[in-house]
Amino acid sequence: MSVNSDGIIEDRVKGPTLWRRFRKHKVAVTGLALLTLLVLAAIFAPYVAPNDPYSQDLERSYGTPTWEYPLGLDRIGRCNLSRLIFASRISLSVGVISAGVSLTIGVFLGSIAGYYGGRVDHLLGRFADAMLSLPQIVVIMTLVFVLGTHILNVMVVIGLLGWVGIFRLIRGQILSLREREFYLAAIAGGASPLRIISKHLVPNAMSPVIVAVTLRTAASILMESTLSFLGFGIQPPLASWGSTLSAAQSLTILTLYPYIWVPPGVAIALTVLSINFLGDGLRDALDPRAQLRVKQG
């Protein structure tokens, strides 16, 4: 519990308390550490990568791993490890930005639906149901095909179709918060709807939304990998983990050159697991009841 600048009591978890709870979740801390390493590798890719990811040596196609090329070479003689490191920039960026787009839309529409209720809530709820009924992968592939496979288009399109879960979550939270004392106090104080939503309702509804965003980030990375694997995502010469995996679509490569497809597959799996573990830790840290269950278990 905390008191804001208007003297209204609100429920928010303070940073130090959140960290104390989070660090008790060992798996989540491990996920955070691994994710931090991946992010640092992506940021400092030019300094971490052992070779130029775009340099080609056609005479060394599918070269086996060596000290110079720890993960071997691809079909046109490019360093697999360097491309894997640079691909992390694309895949992680798509995950974060797509989740940000979904968060913005979900919070905006969910807060309006939860605050006004009635017809507004009904219309937005039916719109969300309609979006949820669409075959997401087909719609995303169609939009990317029409708009082009530029990385920004991929990010935005994935984000535009991933907001429904966040919308429903924050709508439900705000409907619950409307019964709380601080909301009634804000109404009695004559605060405007914009101030009530932005200063009182949304901040107090964000705890479960933060967890949902971490899961949305993981889902976006998987979606981008799927699109790139199918040829609708990141296009050469840029590399993402999914586009790197797309090179392994023949039995020969799968059996004879595992160093082509195993590393990006492992990178996707580790990243998604790390993000999911992070989300589990945040859920337990932000929910005192979950934290109590962890202690009892």
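Based on alpha-carbon centroids, what's the gap between the range 40-74 and the range 233-248 in Å, whole number please? The two parts, judged by their Cα centres, are 15 Å apart. Of all the options G95, G118, G159, the one that moves most in a Gaussian network model of the chain with Cα springs shorter than 10 angstrom is G118. Computed on the chain, the Cα convex hull volume stands at 164 Å³ per residue. For the range 72-162, the alpha-carbon coordinates run over 61, 23, 17 Å along the three principal axes, in decreasing order.
Projecting the Cα atoms of S133, T214, Q235 onto the charge dipole of the chain (Cβ charges, centred on the Cα centre) puts T214 farthest toward the positive pole.
Put in line by how crowded their Cβ is, counting other Cβ atoms within 10 Å and starting with the fewest, L273, L282, L254, L169 read L254, L273, L169, L282. Dipole magnitude for the range 166-241: computed about the Cα centre from +1 point charges on Lys and Arg Cβ and -1 point charges on Asp and Glu Cβ, it is near 220 debye.
Evaluated with a Cβ-only charge set (Lys, Arg +1; Asp, Glu -1), the chain carries a dipole of roughly 880 debye about its Cα centre, given to the nearest 20.
Values quoted throughout were computed directly from the atomic coordinates according to the rules given, and no laboratory measurement underlies them. These numbers come from a predicted model, not from an experiment. Cβ sites come from the backbone with ideal geometry, for glycine too, and all protein chains shown count toward neighbours.
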